[in-house]
Amino acid sequence: MADQLVDMMISDPPYNVRISSVVGRGRTKDDEFAMACGEMSDEEYRGFLRTSLGAAARGVLSPGGHPSK
């Protein structure tokens, strides 16, 4: 599929929330992510999403595909 385009893209971007602020019931305590784990302002985070998801969409979506499909 390396040279083919798709009509739809599914992604799972980070939420810009610190892991330590999410209260879990398990014993496992995960480390913070390297990026987008609460260190960005809302404006910076939206810019991060526009840049990263926009680049991904431009790289894989067919001309008729749309990021919000």
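The values are calculated or read from the model by the stated rules, or taken from the named source; none is laboratory data. On a predicted model such as this, the values are computed, not experimentally measured, just so you know. All Cβ positions, even for glycine, are placed from backbone atoms using ideal geometry, and neighbour counts span all protein chains on display. Note: areas computed on protein heavy atoms with side chains; ligands, DNA, RNA excluded. Shrake-Rupley method; radii C 1.70, N 1.55, O 1.52, S 1.80 Å.
Descriptive notes on the structure:
- With respect to the conditions (1) at pLDDT 75 or above; (2) open to solvent by 50 Å² or more (accessible area, probe 1.4 Å), residue 32 lacks only one, and its number is (1).
- Against the numbered list (1) surrounded by 10 or more Cβ atoms within 10 Å (Cβ to Cβ); (2) over 19 Å from residue 57 (Cα atoms); (3) at pLDDT 70 or above, residue 42 comes up short only at (1).
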